[in-house]
Amino acid sequence: MSQDCLFCKITAGEIPSKKVYEDADFYAFHDINPAAPVHILLVPKKHVISMQHVDDSDAAWLGKMMVLATKIAHENGCRPGPEGGFRLVANSGVEGGQEIDHLHLHILGGARPWAKRAAPAA
Ligand code: AMP
Ligand code: ZN
């Protein structure tokens, strides 16, 4: 845990959040400023700064995190299947638009907030 890290404090329960999932290694909660009808942040409890700070030794838990992201998406309002779906984003570093320096996946979904394709005819 990093003493000055907002997401470490959230996973430790020191700062309140709207939790959607927790296990020994991961914590997920609603983004405070949602950019989509579903906007959840999934973080490892371990303090890792960004995707620029992982290497081969991190592959196993990163793989688990990706699989977990799909499960959390589908259990929290993202429709499964090709006409539903969701977006996963991991902003990394200043030029990647990262504001909080604790690795996190944005899970964005709901009613096609970014859609360019028209919805299929009924
Ligand atoms: P990023 O720019 O990828 O680092 O994203 C950081 C995200 O954290 C933004 O979408 C913020 O809205 C979100 N955020 C910041 N503070 C909180 C908080 N206290 N609880 C929930 N989400 C937060
Ligand atoms: Zn942290």
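The values are calculated or read from the model by the stated rules, or taken from the named source; none is laboratory data. Owing to the predicted nature of the structure, the values given are computational and were not obtained by experimental measurement. In this analysis, Cβ positions are derived from the backbone assuming ideal geometry, glycine residues included, and neighbour counts consider all displayed protein chains. Remember, those area values only see protein heavy atoms, side chains included, never the ligands or the DNA or RNA. Shrake-Rupley method; radii C 1.70, N 1.55, O 1.52, S 1.80 Å.
Observations
- Rounded to whole Å, sorted largest first: equivalent-ellipsoid semi-axes of region 6-102, Cα gyration tensor: 20, 17, 15
- Rolled with a 1.4 Å probe across the full set of protein chains, the surface gives S57 an accessible area near 90 Å².
- Nearest-20 debye value, region 6-102 charge dipole, Cβ charges on Lys, Arg, Asp, Glu: 340 debye
- When the chain is treated as a GNM with alpha-carbon contacts under 10 Å, the residue of A90, A73, A24 showing the greatest mean-square fluctuation is A24.
- Sequence-separation-based contact order of the chain, relative, with Cα cut under 8 Å and 6+ spacing, percent: 29 percent
- Sparsely packed GluC sites (Glu not before Pro) within region 60-102, loop by DSSP, other Cβ within 10 Å at most 16: E83, E99
- Dipole of the chain, positive direction: furthest Cα of S50, C5, G96, with charges on the beta-carbon: G96
- For region 6-102, the fraction of 1.4 Å probe accessible surface lying on carbon and sulfur atoms is 53 percent.
- Restricting attention to the chain, the count of lysine pairs at 8 or more positions apart or across chains with alpha carbons under 26 Å apart stands at 19.
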